[in-house]
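See below for the structure under consideration.
What follows draws every value from the coordinates through simple rules; no lab data is involved. Note that the structure is predicted; figures quoted are calculated from it, not measured. Positions of Cβ are generated from backbone atoms using ideal geometry, with glycine treated the same way; all protein chains shown enter the neighbour counts.
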Amino acid sequence: MVTVSLRSMPRLFDLIKIGSLQLKNRIVMPPMATGLATTRGEVTEDLIKHYEKRARGLGLQIVEHSYVLKGGKLSPHQLGIHEDKLAAGLAKLAERIHSLGTPITIQINHAGRVTASDVCGQQPVGPSPIPHSSKHEVPREISRNEIEEMIEAFSSAARRAVEAGFDAVEVHGAHGFLLNQFLSPLSNKRKDEYGGSLENRMRFHSQIIARIKENIGKSFPLLYRLGADDMHPEGLTLQESKVFAQNLEKWGVHAIDVSGGIMGSRPAHLTGPGYYVPLAEAIKSVVNVPVIGVGGIKTPEFADEVIGKNRADLVAVGRAMLADPKWALKAMEGLRSSN
């Protein structure tokens, strides 16, 4: 009989790499909207302080979703990355977090059909003219020319992130936002090469990732937040997401951050610690790049268990870190003392 030492298993405080980016541990602060930017999307001192308070002890900090076009803005005080004049504020944020010894990533996003005209200044757009719910406006179907503009917008946003000094970029493809909308058969009823089969529904994403990598280089760390299951009988399935994840790896994505789809980041019917970890575990089984697990993770012990059982390579701790900015520091201290 072969005996395996418990310490031979990965731990929360172990080193890990995302592409060329070395992380000192496997704790991730996930992107969570703060509403602390100006109405023009600019970084504020309050926003910087929010991230500074929570940066110490982290393996990686991911800054909240930032809109790549004005038409993709979700909320009045959302952070922006849609124009070059925002770069100075973003650079100040990155520099302040780096001074604490923590790598920092920024998530880039377009809200698509879930925004409102009084926020983004125009009729919301989507892959098809299907509203997100009865409370949302009917979106205008994105034209072929606009698809090209959006591909370029994501690429330009990634360039701004690199120029501002961020260590990595995360593309948001979850929680019912635009890229999730293109991948999901619930929201994508297009009859052209961007709709129908899974291959077609993945086309927009492959073009965005290819353009980003052309713009910032193939080796710059690139993450993708995957809404792995729409949790709807006619929506995106986990099996489809496994295929998509394998393609993400083939296209050069360095890590996959697994969350929910059309149902959003916190579906009411999912409870308990690690409610999206089973999705991460399923995606991890078919790819070789690191996978981030998330969803109601509150205790260091549970986070360490997720890593130790190889259910995910990193864990994202959201609400618990909002409640206790020193969560990561306390977790490292507690786990090491009990080791």
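List of remarks:
- Selected residue (criterion: surrounded by the fewest Cβ atoms within 10 Å (Cβ to Cβ)) from residues of region 116-154 that are charged (D, E, K, R) and either touching a Leu at 6+ places or on another chain (Cβ under 7 Å) or more than 26 Å from residue 35 (Cβ to Cβ) (or both): 144
- Taking each residue of region 143-160 that is closer than 24 Å to residue 87 by Cα and looking for partners that are assigned to a helix (DSSP H, G or I) and among the charged types (D, E, K, R) with beta-carbon atoms closer than 8 Å, six or more apart or interchain, yields 151/211; 152/211; 154/211; 155/211; 155/214; 160/84.
- No other residue among 287, 315 is buried (at least 18 other Cβ atoms within 10 Å of the Cβ), touching a residue at least 60 places away in the same chain (Cβ under 8 Å), of a type in the set (A, V, I, L, M, F, W, C) and not in a helix (DSSP H, G or I) apart from 315.
- Residue 181 assigned to a helix (DSSP H, G or I), crowded, with 21+ Cβ neighbours inside 10 Å and among the polar types (S, T, N, Q): yes
- Taken as a whole, the condition of being within 25 Å of residue 166 (Cβ to Cβ), among the hydrophobic types (A, V, I, L, M, F, W, C) and assigned to a loop (DSSP other than H, G, I, E, B) does not apply to residue 258.
- Contact map, region 291-304: first residue surrounded by 24 or more Cβ atoms within 10 Å (Cβ to Cβ), second residue of a type in the set (S, T, N, Q), Cβ cut-off under 6 Å, separation 6 or more or different chains; pairs are 294/259.
- If you go through region 98-122 and keep only what is assigned to a loop (DSSP other than H, G, I, E, B) and of a type in the set (Gly, Ala, Ser), you end up with 99, 101, 111, 116, 121.
- Extreme residue, nearest to residue 258 (Cα to Cα), among residues of region 65-87 that are in contact (Cβ under 8 Å) with a residue 60 or more places away in the chain and part of a helix (DSSP H, G or I): 72
- Residue within region 127-143 that is closer than 30 Å to residue 19 by Cα and part of a loop (DSSP other than H, G, I, E, B) present: no
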